[in-house]
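The values are calculated or read from the model by the stated rules, or taken from the named source; none is laboratory data. These figures come from a predicted structure and were not determined experimentally. Positions of Cβ are backbone-derived with ideal geometry, glycine not excepted, and every protein chain shown enters the neighbour counts.
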């Protein structure tokens, strides 16, 4: 069933995966528990998902399970989503600091093809066991999982490959 205002068979030129330079995608299905009092996607739910995905991305890029959110810049909400919509969240690393990683986030509604929000800067910091910033030694994005930590932070056990 087509959504009001949509035209079946018409392409949407604003919908290009590479337009925003995003290289990490996660998709979510908007469910009843994700809605606000207006019946649209609750911003707090979306920000929780973004923070979680950014943390996972930082863990992989920095090779450390211990990362913390340092900063989330201005959030520009442009559109929303309704129950049943599918959304796509994208992240890309934009800068490596000595102990940090800065990312950019874009979220789009896959049904309406509209951008829901952009966040220009999300900063995560690699920390040690005591919560102090820890240098990570990386300067560029990895597309392999070669930096994925092999030691579980709670048990210290090492996974053998």
Would you pick out the residues in segment 73-97 that are surrounded by fewer than 14 Cβ atoms within 10 Å (Cβ to Cβ) and within 13 Å of residue 124 (Cβ to Cβ)? 95
Can you tell me how many residues in segment 37-67 are touching a helix residue (DSSP H, G or I) at 6+ places or on another chain (Cβ under 7 Å) and modelled with pLDDT of 95 or more? 4
Would you say residue 76 is modelled with pLDDT of 95 or more and more than 27 Å from residue 150 (Cβ to Cβ)? no
Qualifying residues in segment 116-145 (those that are without any contact (Cβ under 8 Å) to a residue 60 or more places away in the chain and assigned to a strand (DSSP E or B)) - the one farthest from the chain's Cα centre (by Cα): 133
Count - residues of segment 84-123 that are more than 25 Å from residue 134 (Cα to Cα) and in contact with a helix residue (DSSP H, G or I) (Cβ under 6 Å, 6 or more places away or on another chain): 1
